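Let me begin by presenting the structure, written as structure tokens, before commenting on it.
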Amino acid sequence: QVQLVESGVGLVQPGGSLRLSCAASGSILSTNRMGWYRQAPVKDRELVAVITSGDSKEYLDSVKGRFTISRARDNNNNMVYLQMNSLAPEETAVYYCNAVILVGGLIQYINDYWGKGTQVTVSS
């Protein structure tokens with residue numbers, strides 16, 4: 001079993017900063033790509049940032065220069081972070097962690113996992 005757990009629920013003022021964390025745990029042999037998506041009310045889920053196992057990064061155009069994605073290993077967890085600066089009210093959304101993971105065990109397989117999401121509210 002693999003779990004993704006996000007942290008960093010927050011209310012932040014416009015122009016403020018927030019850091020989201022996501023811990024992937026379980027029978028993980030390797031993580032291919034990890035990323036962050038967001039979904040605002042009545043809007044489709046959109047890719048915010050992604051980082052590959054080779055540390056290549058891609059960002060949504062509107063967040064380039066303000067958001068930074070990074071990854072690390074913390075104890076036995078595979079971590080991915082999203083540092084968000086200069087946040088705007090229209091970026092209020094539920095932010096989801098996503099990872100493509102090679103799972104180990106009797107049978108190895110690759111699967112796509114999602115966290116439950118964490119609410120980010122940008123408001124004065």
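Summary of computed values
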quantity: Residue 51 vs. criteria closer than 24 Å to residue 11 by Cβ, in contact with a strand residue (DSSP E or B) (Cβ under 6 Å, 6 or more places away or on another chain), among the β-branched types (Val, Ile, Thr) and assigned to a strand (DSSP E or B); calculated: no
quantity: Restricting the range 75-108 to residues that are of a type in the set (S, T, N, Q) and in a strand (DSSP E or B), the residue that is farthest from residue 33 (Cα to Cα); calculated: 83
quantity: Strands (runs of 3 or more DSSP E) wholly inside the range 4-47 containing at least 3 residues that are open to solvent by 20 Å² or more (accessible area, probe 1.4 Å) and touching a strand residue (DSSP E or B) at 6+ places or on another chain (Cβ under 6 Å); calculated: 18-26, 28-39
quantity: Residue, farthest from residue 54 (Cα to Cα), within the range 66-93, restricted to residues that are touching a Pro at 6+ places or on another chain (Cβ under 9 Å) and open to solvent by 10 Å² or more (accessible area, probe 1.4 Å); calculated: 89
quantity: In the range 109-124, residue nearest to the chain's Cα centre (by Cα) [restricted to those that are outside any loop (DSSP other than H, G, I, E, B) and surrounded by fewer than 17 Cβ atoms within 10 Å (Cβ to Cβ)]; calculated: 114
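The values are calculated or read from the model by the stated rules, or taken from the named source; none is laboratory data. Not measured: the values here are computed from a predicted model. Here the Cβ is made from the backbone with ideal geometry for all residues, glycine too, and neighbour counts use every protein chain on show. Each accessible area value is taken on the protein alone, full model and side chains, heavy atoms only, with ligands, DNA and RNA left out. Shrake-Rupley method; radii C 1.70, N 1.55, O 1.52, S 1.80 Å.
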